[in-house]
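K.L.:
Quick one: the structure is below, questions incoming.
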Amino acid sequence: MGIEMKLQMRMSQRLVMTPMLQQAIKLLPMTRLELVQAIRAELEENPLLDENVEAEVEQVEEEEAALSNTPTQEEPPSNSREETVYEEQAAFEKEEVPQPQSEVDWDAYIQSDLYEGSTGEGYVERPSLENTLRQKDGLEEHLMWQLNCSAYTEEEKRLGSVIIGNINDEGYLESDIEPLAAEAGVSVDDMEDALTLIQSLDPPGVGARNLKECLSIQMRANHLRGTLVEKLIANHLESLDERNFPRIAKAEGVEVDDVIDAVRALREFDPKPGLQFNPEETRYITPDMFVVKIDDDYQIYLNDEGIPRLRINPYYHSILKNKDEDNKNTREYVENKFRSALWLIKSIEQRRQTMLKVGRSIVKFQREFLDKGIHYLKPLILKDVAEDIGMHESTISRVTTNKYIHTPQGLFELKYFFHSSVGSFLGNDMSSVRVKEMIRKLIKEEDQAKPLTDDQIVKLLEAKDVKIARRTVTKYRKELKISSTSKRKKIVY
């Protein structure tokens, strides 16, 4: 068989990831804060980018005009959610807030108690309110303050600070004693003595290496050594979850009522003593979109507040228009930066338009939810929205990542609206979120002495036209972080 070479022409289509497309895809999953940071970084790096302050000034003037009582010419509705918000606020203040009859000199009123007499004698200069506010000490600060008061030597302070530095937010020591001793250059016994000192501090149980040690420390602090509580901690801690009190009573040779009394005392202990000094910080979420009902229709408004508006710097733009530019390197540099700036501006606008399309599509599918609440939430998948707006599912997934929307029913992540469906005996599929809410309500209303099993929940849901398997109920219950039947059962005293 001979080998020969041929020249052929072939036509084909393929998707090429241009730099602009890559940047647009990169911007889609960004949060508002990440987008602002990316824009600020580009503003510092690219001299052809300018922040369009004039556009912001025009927006402020429009908002002030909306707040004024002077009638203005009616304009077509825009995509600025701030106009609607300010108009509603103005209407509310006009209807609900009583106008004061006269102005009050609050500064003079507040400062009046600083003087003992009209001559100004006895004036006391007081700190401002900001200087009187103080943040609550965390666990580490609380322990270090006690250590400085309790330690007799500088060596005790040094070793104690090493241990405190390895205590987590829940109050547990995360490291073993041996590596801590090696790090501090002392013996294991010396480090154990330092640990004993730390475990004697407040809150009781801090510095423990496991739950059993944490509860034991609190047991000794409450002077319960030698009682049934100590035996429960030492021998039956794992069995307490099963709530088989008769078996524990038989093993210890006591009455069931004695075990119940000991469990009552044990419940007063704190299994995570450090959390009272390290409470979870409140997360403030700024919506990316707003859903506002106007007449009988829902409108979507993007939250562009705080996002810089960009434009091309006119000076550098004039360089590109100048065909007589002799410096080839300068012109090439400006052209590259111009393309980069233009890509960013277009990518940000494309991101905005994509978010609007996705938001409008979600509102269209979930109209009943917006009108009536969670029980009318419909099953929805990414493919439904993708087909509705003519985009790929991956694009919908990116644009709904870490994005929040404020609706008449509350604030939700966009991912909240995408979930699977659960079958129905009548053929009307319902949202898995709705089914989870039904399970939560059933368990909330159950008899705590005889909690519902997963099989019983299945039968109760079947009576509500929900076709669901027991393993699915178990799965949803675990997703709701609801314990099993045995752990939910409470002993009736």
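K.L.:
Quick check on this structure: which one of L232, L180, L215 is in a helix (DSSP H, G or I), farther than 30 Å from A449 by Cβ and either in the same structural domain as A151 (by TED's automatic domain parsing) or small (G, A, S) (or both)? So that I can check it myself, show each step before the final result.
P.N.:
On the way: L232 fails: farther than 30 Å from A449 by Cβ; L215 fails: farther than 30 Å from A449 by Cβ.
Criteria check complete, one pass: L180.
K.L.:
I'd like the full set of residues that are closer than 25 Å to A386 by Cα, under 22 Å from the mean Cα position of the chain (by Cα) and among the acidic types (D, E), limited to the range 412-455.
P.N.:
Listed by number, the list holds a single entry, E413.
K.L.:
Moving on. Among the residues of the range 237-266, count how many are farther than 24 Å from E213 by Cβ and among the basic types (K, R).
P.N.:
Within the range 237-266, residues that are farther than 24 Å from E213 by Cβ and among the basic types (K, R) number 2.
K.L.:
Looking at the structure I just gave you, is R243 over 28 Å from P19 (Cα atoms) and at pLDDT below 80? Before the answer, list the steps.
P.N.:
Details: over 28 Å from P19 (Cα atoms): yes; at pLDDT below 80: yes.
When the stated conditions are applied, R243 passes them.
K.L.:
Please find, within the range 154-199, the residue that is nearest to F269 (Cα to Cα) out of those that are at pLDDT 90 or above and among the hydroxyl-bearing types (S, T, Y).
P.N.:
Y172
K.L.:
Which members of the range 475-493 meet the condition of being assigned to a helix (DSSP H, G or I), closer than 30 Å to V259 by Cβ and free of Cβ contacts under 8 Å to residues at least 24 places away in the same chain?
P.N.:
Selection gives K478 alone.
K.L.:
If you don't mind, another one. Please find, among G359, G373, the residue that is in contact (Cβ under 8 Å) with a residue 40 or more places away in the chain and among the small types (G, A, S).
P.N.:
Checking each option against the conditions leaves just G359.
K.L.:
Moving on. Of the residues that sit in the range 295-323 and are aliphatic (A, V, I, L, M) and at pLDDT below 90, which one is surrounded by the most Cβ atoms within 10 Å (Cβ to Cβ)?
P.N.:
The residue in question is L310.
K.L.:
Six or more apart or on different chains, Cβ under 9 Å: which pairs go from a residue in the range 392-412 that's exposed (fewer than 14 other Cβ atoms within 10 Å of the Cβ) to one that's of a type in the set (A, V, I, L, M, F, W, C) and not in a loop (DSSP other than H, G, I, E, B)? Could you list them?
P.N.:
H392/A386; S394/I25; S394/L382; S394/A386; P408/V291; P408/V292; P408/L370; L411/I405
K.L.:
In the set A208, A262, which member is assigned by TED's automatic domain parsing to the domain that holds D169, of a type outside the set (D, E) and more than 36 Å from the chain's Cα centre (by Cα)? It would help to see each step written out before you state the result.
P.N.:
Values: A208 fails: more than 36 Å from the chain's Cα centre (by Cα).
Among A208, A262, only A262 is assigned by TED's automatic domain parsing to the domain that holds D169, of a type outside the set (D, E) and more than 36 Å from the chain's Cα centre (by Cα).
Residues checked against (1) more than 22 Å from I482 (Cα to Cα); (2) touching a strand residue (DSSP E or B) at 6+ places or on another chain (Cβ under 9 Å):
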| site | (1), (2) |
| --- | --- |
| V385 | yes, no |
| S394 | yes, no |
| R434 | no, yes |
| K441 | no, no |
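Rundown of residues vs (1) farther than 27 Å from Q366 by Cα; (2) part of a helix (DSSP H, G or I); (3) at pLDDT below 85; (4) of a type outside the set (D, E, K, R), yes/no style:
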| site | (1), (2), (3), (4) |
| --- | --- |
| L426 | no, no, yes, yes |
| I439 | no, yes, no, yes |
| L442 | no, yes, no, yes |
| Q448 | yes, no, yes, yes |
| Q456 | yes, yes, no, yes |
| K459 | yes, yes, no, no |
| V466 | no, no, no, yes |
| V473 | no, yes, no, yes |
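K.L.:
Which numbered condition trips up E413, out of (1) acidic (D, E); (2) touching a strand residue (DSSP E or B) at 6+ places or on another chain (Cβ under 8 Å); (3) assigned by TED's automatic domain parsing to the domain that holds S483?
P.N.:
In the conditions (1) acidic (D, E); (2) touching a strand residue (DSSP E or B) at 6+ places or on another chain (Cβ under 8 Å); (3) assigned by TED's automatic domain parsing to the domain that holds S483, E413 misses (3) alone.
K.L.:
Okay, moving on. Among the residues of the range 139-174, what is the count of those that are of a type outside the set (S, T, Y) and buried (at least 20 other Cβ atoms within 10 Å of the Cβ)?
P.N.:
Total satisfying the criteria: 11.
The values are calculated or read from the model by the stated rules, or taken from the named source; none is laboratory data. Model, not experiment: these values are computed from the prediction. All Cβ positions, even for glycine, are placed from backbone atoms using ideal geometry, and neighbour counts span all protein chains on display.
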